[in-house]
Each structure stands twice: as C-alpha cells, then as structure tokens.
Amino acid sequence: MRMAAFEHVRKLGEVHDHLTANELRPGFLFDGERFPLINPQRGIFKPQQMQFLLSIRTVFPRPGSRVWYDDQREVHRQIYEGDETVDYAFMGQDPNAADNRWLREAFENQIPIIYFYGIAPGRYQAMLPAFISGWDAKALKARVAFGMPDQKTLAPPVDALERRYALRAVKQRLHQASFREAVITAYDGRCALSGLPEPLLLDAAHIISDKDERFGQPVVSNGIPLSKIHHAAFDAHLIGIDPDYRLHVSERLLVRNDGPMLEALKQLNGGMIHLPGRLIDHPDRDRLALRFERFKAAA
C-alpha cells in the first residue's frame, strides 16, 4: 500500500511542477480502493488501514495584507540552514498525542514517508522517500532526513555524508520551485515578453545565474517569467533586456527570414517588457545592466 502511494506521487511529479489540492484530493488507488494521501486539516497523516505514518506536510502561510513571497526567505530559512536533517514541529504540546506518536513510531521503525513541503500557499513539492531520523519529546519536534536523489529503494541514508548530499539536492529543488512560483505570481502568470497567460508554459528565468554568489540570489527582482522559447533565446543571448526594460533582438535573428515564430521574436526588438504591478518586484536594473553587457559581447 505504501509503495502504491509512493508510485502515484512520483507519477504526479512527472506531470506537475507542483502539487495542489486538485492533485492531492483524489488520493491513490490500492487493490481497487481509493485512499487519501493527506489529511487536509492536519499536517501529519496515517490512514486507518496502514500501521505507520504515510505523510507529513508543511503549509506555506498566506500573510494577511502582504504578498506571500515577501516572507519566503523566513519560511524557508530553517530548511536552508540545515546540514543533515531539518526540524518538523509536533502537533500541539503533548508529545504523546496520536499524531506525535505516529512520528515516533516512524522514527523507531525507520519507515519511509512522503514529505509534502509547501513552496507557496496551497502548493507543494513532494519529497520522497523521507525519514523521521529523530524524535525529541522535550523540544516537541522531530528531525527529518531525506533519501538519496532518484534512489530506487526506500532505505534511509546510511551515514552523515548521504544525509548531507540528499539535503543539498532537496534545497536545490526547493530553491528552483519556490523561486519559480514567486516570479510567475509577481507577473500575474504571464510571460514578460509575449504576455502568454499559461503558467505551465512559463519558466522563471534568472537575470543573473544562481551560481553567482553576489548577484544570483533567489529574489523576485532577479527573475523574469518567460515562455520556453523566450527563455531559450534569453539564455542564448539572442534576446537582451537593457536596464530601462527595453528589448533588443540580436542581429543574428534580425537578418533571418523563416516563418511566423521567428517573425514574432524579431518584432520584440525595441519594445518594452511587461512589468509586475509592484515596484519592489521590478527587475533589478543593476543586474539587467550586467546581463545586457553579456548580450552585447555575444553579438
């Protein structure tokens, strides 16, 4: 039954960039019967038909009058500061409450579970297999370790080296997912160049790569939502954006004549990008200037 749940969630991950209630609500099938993956009201879930815990969930809160990604760094701070494991708070103050006992039993028996980690309000990344690697009644929290990336078995990491390696992979995945959600949300789900209103066809393009320690931070002002074709052109320096938000198309494309797709790209030349509603979310001009110099150098 656990393997059926894991396989279902893996298949969902192949189709969806993130999971919402629409994907999670139907649950999974086992022996012709449907079972839930989560409890919508609680973060710790064990189906009655299973002996051990199946999933835990971290909800991304929706601030009252603020945009959720304003608090993104604080919400994710703990997982990014972790070295081998991350903390998971108990439900309530009683370590012997049923939910917290399920955490302890999963720890004592090294049970593989699914961690639905919130990357935006109502949106989750499924991390599996995850393991309860510690249980602290006094601190009212458990520790969570992650399995190795793309591992086929459901065995827990064997040592500190594997735990650190697995957590690094989780951090990278969460960085990409949460950055994408924040950038696309800031632009109301539209491509900043074409206005294409389909988030499934959009990427969050970095102005400066996250490999750059000085300018590559995962902040909205370092990102622009682009359709797949525009993202490829931007990364290849076939399209540039200057610090005044004006678009430039490389001479390599401008001199070619080959159908409507190319013409649509060429017509961007001299236009302006669509900007998000809040000034704080606008692309950072200093980063754009640095990136635009690279565009000109590649011409």
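The values are calculated or read from the model by the stated rules, or taken from the named source; none is laboratory data. Just so we're clear, the structure is a prediction, and the values are computed from it rather than from any experiment. Don't worry about glycine lacking a Cβ; one is built from the backbone with ideal geometry, like all the others, and counts go over all protein chains shown. Areas reflect the complete protein model, heavy atoms only, side chains present, ligands, DNA and RNA absent. Shrake-Rupley method; radii C 1.70, N 1.55, O 1.52, S 1.80 Å.
Below, the figures for the structure above:
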| quantity | calculated |
| --- | --- |
| Condition met for residue 192 (among the hydrophobic types (A, V, I, L, M, F, W, C), without any contact (Cβ under 8 Å) to a residue 24 or more places away in the chain and surrounded by 21 or more Cβ atoms within 10 Å (Cβ to Cβ)) | no |
| Answer residue from segment 73-95, given it is without any contact (Cβ under 8 Å) to a residue 24 or more places away in the chain and in a loop (DSSP other than H, G, I, E, B) and is least open to solvent (accessible area, probe 1.4 Å) among those | 92 |
| Qualifying residue in segment 172-189 (condition: more than 27 Å from residue 117 (Cβ to Cβ) and assigned to a loop (DSSP other than H, G, I, E, B)) | no |
| Leading residue by the ranking (nearest to residue 129 (Cα to Cα)) among those in segment 4-15 that are open to solvent by 60 Å² or more (accessible area, probe 1.4 Å) and free of Cβ contacts under 8 Å to residues at least 40 places away in the same chain | 7 |
| Residue that is modelled with the highest pLDDT, among those in segment 158-189 that are surrounded by fewer than 17 Cβ atoms within 10 Å (Cβ to Cβ) and among the small types (Gly, Ala, Ser) | 189 |
| Residue among 103, 128 that alone is within 23 Å of residue 6 (Cβ to Cβ), part of a strand (DSSP E or B) and either open to solvent by less than 50 Å² (accessible area, probe 1.4 Å) or touching a Ser or Thr at 6+ places or on another chain (Cβ under 8 Å) (or both) | 128 |
| Counted residues, segment 35-54 - those being open to solvent by 90 Å² or more (accessible area, probe 1.4 Å) and outside any loop (DSSP other than H, G, I, E, B) | 1 |
| Subset of segment 245-269 [assigned to a helix (DSSP H, G or I), surrounded by 13 or more Cβ atoms within 10 Å (Cβ to Cβ) and in contact (Cβ under 8 Å) with a residue 12 or more places away in the chain] | 253, 254, 264, 265, 266 |
| Of all residues in segment 59-72 being in a helix (DSSP H, G or I) and buried (at least 17 other Cβ atoms within 10 Å of the Cβ), the one that is modelled with the lowest pLDDT | 72 |
| Residues of segment 222-243 satisfying the condition of being closer than 17 Å to residue 283 by Cβ and either open to solvent by 30 Å² or more (accessible area, probe 1.4 Å) or modelled with pLDDT under 95 (or both) | 231, 235, 237, 243 |
